[in-house]
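Chemist: Dumping the structure here so I can ask a few things about it.
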């Protein structure tokens, strides 16, 4: 009788321990609870104070703070024109948010739109903006330098005629050098918890035709001079050349970041379907993770459709080494669905043991306080 009672107690303890471990494993998948903060919410000290208070109250521990939007700077820079939203002030949003967050339980990641340069049909007011001064750096769908004034005029009549707008060309060596210098300046002037790369891709399928980039492709893919007998079966395909240009940028940027600030987390916002990321946007983010060029991939799995959301999850799981699943922070959009729908996606993320979630974006919470109260139960 005593033995039976002891066995029952031991069995109960065993079951309790198993349950505890399962709960702990599930909880660990959301160790990283990130939030994207779009640039128009960091214009004043009061704006930033409100952002940080919200993050603290709602248990977010990583903030992707946008400090480069459309080829401009929301920080002090000698290389990048100051945003028009701060032209009448000397306020440095990045410096302030880093200072205010010090000692708090969250990390500040400098969120940079890498290649996306301009989206408006109106030209920039900054005279030193790259759009106005370096049209030869722009990516195109045709092997000609972009005619910026004409394109802006066409966009006034049809805002979608140039797609999302103007992108820098990843294949242009001067673009690469300029972006590396931007990263260096940031690392020299600010102590960052992380750098978050966004729009680190081509505009869409069919782009990547910058004339200078094409010249490099033709030189890069030709046969060995003086040895015409060598077969060209290993000739680099143009699609691979395009992907290689972005990956090469990221490899150099990663080495630079780790040299200056070894503990800085390197992340990239990426297309959630790995196949589409490769074939449409030349974004081989599985390679970036495999080679350690980034610490986190943040798939922008923004769909409100649960079937599509989980189809993207399957693509990620099938495309990655299982050991890298924890390096994926699942991006979830809340601008296009209610909090229960978003909450279901958070639960699916937790179930598949990804490294955490990132919510897009703070703007929804700013405009609808009830949303934050509805979603927090899924994050705990």
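The values are calculated or read from the model by the stated rules, or taken from the named source; none is laboratory data. Note that the structure is a prediction, hence the values are computed from the model and not measured. Note that each Cβ is placed from the backbone with ideal geometry, even for glycine, and that neighbours are counted across all protein chains shown.
Chemist: Which residues, counting only those in the range 148-182, are within 15 Å of residue 199 (Cα to Cα) and part of a helix (DSSP H, G or I)?
Modeler: Across the range 148-182, the qualifying residues are 175, 176, 179.
Chemist: Within the bounds of the range 198-211, is there any residue that is outside any loop (DSSP other than H, G, I, E, B), modelled with pLDDT of 95 or more and touching a strand residue (DSSP E or B) at 6+ places or on another chain (Cβ under 9 Å)? Walk me through it before giving the result.
Modeler: Pass one, the range 198-211, residues outside any loop (DSSP other than H, G, I, E, B): 198, 211.
Filter once more, keeping what is modelled with pLDDT of 95 or more: 198, 211.
Now drop any that are not touching a strand residue (DSSP E or B) at 6+ places or on another chain (Cβ under 9 Å), which leaves 198.
Within the range 198-211 (the criterion being outside any loop (DSSP other than H, G, I, E, B), modelled with pLDDT of 95 or more and touching a strand residue (DSSP E or B) at 6+ places or on another chain (Cβ under 9 Å)), the answer is yes, since at least one residue qualifies.
Chemist: So for the range 305-326 (the condition being over 16 Å from residue 32 (Cβ atoms) and within 15 Å of the chain's Cα centre (by Cα)), does at least one residue qualify?
Modeler: Looking through the range 305-326, none of the residues is over 16 Å from residue 32 (Cβ atoms) and within 15 Å of the chain's Cα centre (by Cα).
Chemist: Among the residues in the range 222-230, are any at pLDDT 60 or above, out of contact with any helix residue (DSSP H, G or I) (no Cβ under 7 Å at 6 or more places or on another chain) and either farther than 21 Å from residue 168 by Cβ or in a helix (DSSP H, G or I) (or both)? If you could, list the steps in order and put the result at the bottom.
Modeler: Going through the range 222-230, the residues at pLDDT 60 or above turn out to be none.
The answer is no; no qualifying residue exists.
Chemist: Here's something else I'd like to know. Is at least one residue of the range 123-136 outside any helix (DSSP H, G or I), buried (at least 20 other Cβ atoms within 10 Å of the Cβ) and touching a residue at least 60 places away in the same chain (Cβ under 8 Å)?
Modeler: no
Chemist: From the list 108, 145, which residue is surrounded by 13 or more Cβ atoms within 10 Å (Cβ to Cβ), touching a helix residue (DSSP H, G or I) at 6+ places or on another chain (Cβ under 8 Å), within 29 Å of residue 192 (Cα to Cα) and touching a residue at least 24 places away in the same chain (Cβ under 8 Å)? Steps first, please.
Modeler: Values: 145 fails: within 29 Å of residue 192 (Cα to Cα).
Every option except 108 fails the conditions.
Chemist: Can you tell me how many residues within the range 60-94 are without any contact (Cβ under 8 Å) to a residue 12 or more places away in the chain and either in a loop (DSSP other than H, G, I, E, B) or over 22 Å from the mean Cα position of the chain (by Cα) (or both)?
Modeler: Looking only at the range 60-94, we keep the residues that are without any contact (Cβ under 8 Å) to a residue 12 or more places away in the chain, and these are 73, 88-90.
Subsequent filtering for residues that are either in a loop (DSSP other than H, G, I, E, B) or over 22 Å from the mean Cα position of the chain (by Cα) (or both) retains 88-90.
Selection size over the range 60-94: 3.
Chemist: Among the residues of the range 70-105, how many are at positive phi and surrounded by 18 or more Cβ atoms within 10 Å (Cβ to Cβ)?
Modeler: Of the residues in the range 70-105, the ones at positive phi are 71, 103.
Of the ones still in play, those that are also surrounded by 18 or more Cβ atoms within 10 Å (Cβ to Cβ) are 71.
Final tally of qualifying residues: 1.
Chemist: For the range 152-167, state whether one or more residues are in contact (Cβ under 8 Å) with a residue 60 or more places away in the chain, surrounded by 17 or more Cβ atoms within 10 Å (Cβ to Cβ) and closer than 18 Å to residue 249 by Cβ.
Modeler: No, the range 152-167 has no match at all.
Chemist: For the range 319-329, give me each residue that is in contact (Cβ under 8 Å) with a residue 24 or more places away in the chain and farther than 25 Å from residue 372 by Cβ. Let's see the steps before the verdict.
Modeler: Restricting attention to the range 319-329, the residues satisfying the condition of being in contact (Cβ under 8 Å) with a residue 24 or more places away in the chain are 319-321, 324-329.
319, 320, 321, 324, 325, 326, 327 - these are the residues of the range 319-329 that are in contact (Cβ under 8 Å) with a residue 24 or more places away in the chain and farther than 25 Å from residue 372 by Cβ.
Chemist: Among (1) surrounded by fewer than 18 Cβ atoms within 10 Å (Cβ to Cβ); (2) touching a helix residue (DSSP H, G or I) at 6+ places or on another chain (Cβ under 8 Å); (3) modelled with pLDDT under 95, there is one condition residue 352 misses while meeting the rest; what is its number?
Modeler: So residue 352 meets the others, but not (3).
Chemist: Out of all the residues in the range 42-59, which are in a helix (DSSP H, G or I) and within 14 Å of residue 105 (Cβ to Cβ)?
Modeler: Just the residues of the range 42-59 that are in a helix (DSSP H, G or I), to begin with: 45-57.
Matches in the range 42-59: 52, 53, 54, 55, 56, 57.
Chemist: So if I check each of 294, 332, 265, which one is over 23 Å from residue 169 (Cα atoms), touching a residue at least 12 places away in the same chain (Cβ under 8 Å) and buried (at least 22 other Cβ atoms within 10 Å of the Cβ)? So that I can check it myself, show each step before the final result.
Modeler: Working: 294 fails: over 23 Å from residue 169 (Cα atoms); 265 fails: buried (at least 22 other Cβ atoms within 10 Å of the Cβ).
Being over 23 Å from residue 169 (Cα atoms), touching a residue at least 12 places away in the same chain (Cβ under 8 Å) and buried (at least 22 other Cβ atoms within 10 Å of the Cβ) holds for just one of 294, 332, 265, which is 332.
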